[in-house]
1. Within the group V85, V61, which residue is β-branched (V, I, T), surrounded by 13 or more Cβ atoms within 10 Å (Cβ to Cβ) and more than 19 Å from M1 (Cβ to Cβ)?
2. Here is a check on your reading of the model: is I65 assigned to a helix (DSSP H, G or I), modelled with pLDDT of 95 or more, farther than 22 Å from F91 by Cβ and of a type outside the set (D, E, K, R)?
3. Could you run through segment 11-41 and say how many residues are closer than 18 Å to F62 by Cβ and outside any helix (DSSP H, G or I)?
4. Quickly run through segment 4-42 and pick out the residues that are at pLDDT 95 or above, over 12 Å from I84 (Cα atoms) and among the acidic types (D, E).
5. Taking segment 42-52 only, how many residues are part of a helix (DSSP H, G or I) and free of Cβ contacts under 8 Å to residues at least 24 places away in the same chain?
6. Of a type outside the set (V, I, T), free of Cβ contacts under 8 Å to residues at least 60 places away in the same chain and more than 17 Å from A8 (Cα to Cα): which single residue out of A36, A66 fits that description?
7. When E83 is evaluated against the numbered criteria (1) modelled with pLDDT under 95; (2) of a type in the set (D, E, K, R); (3) out of contact with any helix residue (DSSP H, G or I) (no Cβ under 6 Å at 6 or more places or on another chain), which criterion, by number, is the only one it fails?
Amino acid sequence: MNKDEQEALERLIAIAKGESGQCGRVADFLLAWWNAHDCGGFDLTHLWNVDTEIARDMQIVFGLIARRQSYPDALGYKADFEEIVREWRDFSES
């Protein structure tokens, strides 16, 4: 992972840990990479509802995902993604 990719990913992780609508869209994007089956996919039209800088970071991370062909935990981000899952997904049994 190069410096630009790392910085973009870490900015997105920080945003996904927030509580705004944009934060939810960023969380959806990241969690689709983490586990699309359980966490849901990412609606590309959500790109219309994030700031241009965030969309650019998503583009950079999308390229990283395609190039590295690995999950975020393999890149050392397991704890961050687990935190995002706890914040944005409810997997508790009813």
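1. So the residue among V85, V61 that is β-branched (V, I, T), surrounded by 13 or more Cβ atoms within 10 Å (Cβ to Cβ) and more than 19 Å from M1 (Cβ to Cβ) is V85.
2. Details: assigned to a helix (DSSP H, G or I): yes; modelled with pLDDT of 95 or more: yes; farther than 22 Å from F91 by Cβ: yes; of a type outside the set (D, E, K, R): yes.
Against the criterion (assigned to a helix (DSSP H, G or I), modelled with pLDDT of 95 or more, farther than 22 Å from F91 by Cβ and of a type outside the set (D, E, K, R)), I65 qualifies.
3. Result for segment 11-41: 2.
4. Within segment 4-42, D4, E5, E7, E10 meet the criteria.
5. 6
6. Working: A66 fails: more than 17 Å from A8 (Cα to Cα).
Being of a type outside the set (V, I, T), free of Cβ contacts under 8 Å to residues at least 60 places away in the same chain and more than 17 Å from A8 (Cα to Cα) holds for just one of A36, A66, which is A36.
7. The number of the failed condition is (1).
The values are calculated or read from the model by the stated rules, or taken from the named source; none is laboratory data. In this text, all values refer to a predicted model and were calculated from it rather than measured experimentally. Neighbour counts are summed over all protein chains in view; Cβ atoms, including those assigned to glycine, are modelled from backbone coordinates with ideal geometry.
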